[in-house]
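Notes follow once the structure below has been shown.
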2 protein chains.
Amino acid sequence: MSKELVFGHQNPDTDAITAAMAFSYLQNQLGYETEAVALGEPNDETKYALKHFDMEAPRVVKTVANEVDQVMLVDHNEPQQSVSDIDKVQVTHLVDHHRIANFNTAQPLWATVRPYGCVSTVIYELFESKHIDIPADLAGMMLSAIISDTLLLKSPTTTDHDREAVKALAKIADVDYEDYGIKMLKAGTNLDAKSDNDIVDGDAKSFELNGSTVRIGQVNTVDLDDVFARQADLEKEMQSLMDQNGYDTFILIATNILNSDSDLLVVGGNTDKVEKAFGKKLNDAHRMNLPGVVSRKKQVVPPLTDAFEG
Amino acid sequence: MSKELVFGHQNPDTDAITAAMAFSYLQNQLGYETEAVALGEPNDETKYALKHFDMEAPRVVKTVANEVDQVMLVDHNEPQQSVSDIDKVQVTHLVDHHRIANFNTAQPLWATVRPYGCVSTVIYELFESKHIDIPADLAGMMLSAIISDTLLLKSPTTTDHDREAVKALAKIADVDYEDYGIKMLKAGTNLDAKSDNDIVDGDAKSFELNGSTVRIGQVNTVDLDDVFARQADLEKEMQSLMDQNGYDTFILIATNILNSDSDLLVVGGNTDKVEKAFGKKLNDAHRMNLPGVVSRKKQVVPPLTDAFEG
């Protein structure tokens, strides 16, 4: 058995980085030879968590076929969210919590997909079922990933599985998760330190919706005004990325992590479909406010998919 | 939570029927309301197993959207192998052991896919992990499914997971699995009772290979001559099905379950690609002998996929 790389999606968030570290650790305990890598540098929130638990960020790679024949994917399955040469390697394992889209394999694989709030919760349950202990520092990172993906268990994506994993991991990591969680989330919202590109594209993913390529970024903040004070510059950056990459539509979700509201900012075509998706008009500033919306996966992509296909 | 239907692929074999019964039973124990159904009547082998363990065949359905909004798939994920109106319902659960192809969901789902010889083995492990007892009659069916898919553990698709499940299930069902297994496999090979259509299409599946639709049927026998004594009629039936359904190529795998050899019979175009796939010429009777080849999934579809895409 030759070495395999384990990695999450492009523009990695705390879960993409942590899930690769955790699943690689688990698989190595089970006898595989794997290395966790990442498709980008950790963001400020992830850096805060890595520093808190004294762990190293995974090595960043641009391609994988130059190193290995086989890979394990975590936290994504859509090829356009994966490494650029994903079509040149065999995916042997997948652990995910997203929709399945354009994911095709020539061979049967090992896949565990659960509709949970966070992949690190799925991996926590795999550790449990295999009766393998989770080291305290890794447990701290997995706890951070669940806090990040579920906004401290407040997102509608949160399941009882996530709640149970948070309790168990907080105990292993010996952390007051509510106190730590707010500090970690705030560490990710320092917009002054972020470029326009960081804000609009740092956490962005591309979605193929009925023939249109829709780019959807998300930024967390403790005050929406901190984002939209820079709106003109952000729109310019979104337009520039659309021109460079051929996106048809660019949507930025600005989410207030304190009150769980979001504003959508929409650039490009298909604005009628976005309005149809949420049953609401964009205002003159190309924005709409969506109270209670915090989850791209659960509250933004599905209504958009319906509106584009309907 | 409203009722969901659970079903395997078209032209159901023993595993497709049994996996639906077993997964439905498991999910009902876990609090779901489900019913196992089938996309066709049981074949002779499955009938033998159902009779032996005194169980009823699942109800046959042609469509599902007229009954339910949500479904659970077992033993298949490719839409062209599923119910005709699969695009009108939401797939909430998937248990499979095949490649993933053209399987797209709008929402995250629960999926457990393992590269084992049989889906009933995957479901056996789910019962184990949930600490739920398997009734003796259902255990007998699950044992039958594994014997069927792995040709009594002799197929190269067989894993240690299948071997362990067979041992455990034989104990629960109180069956000598080797003695029972040979009898059950032979019950499925009574070709006299089968029409030409039964033989070429009874277990057939369609595969999209680089733009071509390739239909691949498989028939088990204890003597290849029993199949090819009827070759002219079988070819006529294959040609007729190609004309009706727009297949580009029709391949029949005739497998001798006693010595684990197969003959391929090929009708239609792309014969160069079939020859390339197996590094062997078709003889004047449009056939090639493939010693040791018994698995469509592991030994026929992957080399064909490479040859069509290469």
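Okay, here's what the table says:
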{"item": "Only listed residue being within 14 Å of chain B (Cβ to nearest Cβ), aromatic (Phe, Trp, Tyr), out of contact with any His (no Cβ under 9 Å at 6 or more places or on another chain) and under 23 Å from A:ASN11 (Cβ atoms), chosen from A:PHE250, A:PHE308, A:PHE228", "result": "A:PHE308"}
{"item": "Hey, B:TYR124 of a type in the set (Phe, Trp, Tyr), crowded, with 18+ Cβ neighbours inside 10 Å and away from chain A (no Cβ under 14 Å) or not", "result": "yes"}
{"item": "A:GLN80 vs. criteria within 15 Å of the chain's Cα centre (by Cα) and at pLDDT below 95", "result": "yes"}
{"item": "Subset of segment B:276-300 (residues that are more than 22 Å from B:GLU235 (Cβ to Cβ) and either within 13 Å of chain A (Cβ to nearest Cβ) or of a type in the set (Gly, Ala, Ser) (or both))", "result": "B:GLY279, B:GLY292, B:SER295, B:LYS297, B:LYS298, B:GLN299"}
{"item": "One residue from A:ARG230, A:ARG296 being touching a residue at least 40 places away in the same chain (Cβ under 8 Å) and either out of contact with any helix residue (DSSP H, G or I) (no Cβ under 7 Å at 6 or more places or on another chain) or on the phi < 0 side of the Ramachandran plot (or both)", "result": "A:ARG296"}
{"item": "A:ASN102 under 22 Å from B:LEU94 (Cβ atoms), touching a helix residue (DSSP H, G or I) at 6+ places or on another chain (Cβ under 6 Å) and not hydroxyl-bearing (Ser, Thr, Tyr)", "result": "yes"}
{"item": "Of all residues in segment B:230-265 being over 26 Å from B:ASP149 (Cα atoms) and hydrophobic (A, V, I, L, M, F, W, C), the one that is farthest from the chain's Cα centre (by Cα)", "result": "B:ALA232"}
{"item": "B:ALA254, sole failed condition from (1) among the small types (Gly, Ala, Ser); (2) surrounded by fewer than 17 Cβ atoms within 10 Å (Cβ to Cβ); (3) in contact (Cβ under 8 Å) with a residue 24 or more places away in the chain", "result": "(2)"}
{"item": "Extreme residue, surrounded by the fewest Cβ atoms within 10 Å (Cβ to Cβ), among residues of segment A:61-78 that are within 25 Å of B:LEU209 (Cβ to Cβ) and within 12 Å of chain B (Cβ to nearest Cβ)", "result": "A:GLU78"}
{"item": "Breaking point among (1) out of contact with any strand residue (DSSP E or B) (no Cβ under 6 Å at 6 or more places or on another chain); (2) modelled with pLDDT of 95 or more, for B:PRO302", "result": "(2)"}
{"item": "Sole residue being out of contact with any Gly (no Cβ under 7 Å at 6 or more places or on another chain), not assigned by TED's automatic domain parsing to the domain that holds A:HIS52 and not β-branched (Val, Ile, Thr), chosen from A:ASP176, A:ASP203, A:ASP198", "result": "A:ASP198"}
{"item": "Segment A:255-306, residues that are among the small types (Gly, Ala, Ser) and outside any loop (DSSP other than H, G, I, E, B)", "result": "A:SER262, A:GLY268, A:ALA277"}
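The values are calculated or read from the model by the stated rules, or taken from the named source; none is laboratory data. In this text, all values refer to a predicted model and were calculated from it rather than measured experimentally. Don't worry about glycine lacking a Cβ; one is built from the backbone with ideal geometry, like all the others, and counts go over all protein chains shown.
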